[in-house]
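Participant: Mind having a look at this structure? Questions to follow.
The values are calculated or read from the model by the stated rules, or taken from the named source; none is laboratory data. Since we're looking at a predicted model, the values are computed, not measured. Positions of Cβ are generated from backbone atoms using ideal geometry, with glycine treated the same way; all protein chains shown enter the neighbour counts.
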Amino acid sequence: MRRDVFQAIADPVRRDIIELVAQEPLTVNSVAEHFDISRPAISKHIRILNECGIIAINKKGRERFCQIQPANLIPAFMWMEKYRELWEDKLDSFENYLMKLQAKDNKDE
């Protein structure tokens, strides 16, 4: 199954895993310690992140370290950035509208 970055970030547990390994490479067991779900469930989330290219798994001796691959998050960032600008414009417009209403209310008092 071909997975993409949007599928990876759709799940809140995977977003939390991304946040953890963005700070420093962690072993699979170290990642699992941060969650109240089973080790196999964490392994499945890590596998999906690996298939999407967001996390690389590097073996060092017997340990498997999860390391962030931030460049592979760029497509999601670019897509979200378009909508951030749109929502900022809408929120600015709404704020201006509220300020006009407040000014009108203050003038009417």
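Participant: Out of all the residues in the range 35-49, which are surrounded by 15 or more Cβ atoms within 10 Å (Cβ to Cβ) and aliphatic (A, V, I, L, M)?
Facilitator: Residues satisfying the conditions are I42, I46, I48, L49.
Participant: Turning to a different aspect of this structure: For residues that are surrounded by 15 or more Cβ atoms within 10 Å (Cβ to Cβ) and either in contact with a His (Cβ under 9 Å, 6 or more places away or on another chain) or outside the structural domain of H45 (by TED's automatic domain parsing) (or both), tally how many sit in the range 14-34.
Facilitator: 5
Participant: Among the residues of the range 58-98, write down those that are among the aromatic types (F, W, Y) and closer than 20 Å to I17 by Cα.
Facilitator: Across the range 58-98, the qualifying residues are F65, F77.
Participant: Let me ask another. For the range 1-35, enumerate the residues that are touching a residue at least 40 places away in the same chain (Cβ under 8 Å), in contact with a strand residue (DSSP E or B) (Cβ under 7 Å, 6 or more places away or on another chain) and either over 14 Å from I68 (Cβ atoms) or not in a helix (DSSP H, G or I) (or both).
Facilitator: P25, L26 - these are the residues of the range 1-35 that are touching a residue at least 40 places away in the same chain (Cβ under 8 Å), in contact with a strand residue (DSSP E or B) (Cβ under 7 Å, 6 or more places away or on another chain) and either over 14 Å from I68 (Cβ atoms) or not in a helix (DSSP H, G or I) (or both).
Participant: Another question, then. Of all the residues that make up the range 59-88, how many are free of Cβ contacts under 8 Å to residues at least 12 places away in the same chain and in a strand (DSSP E or B)?
Facilitator: Residues that pass the stated criteria total 2.
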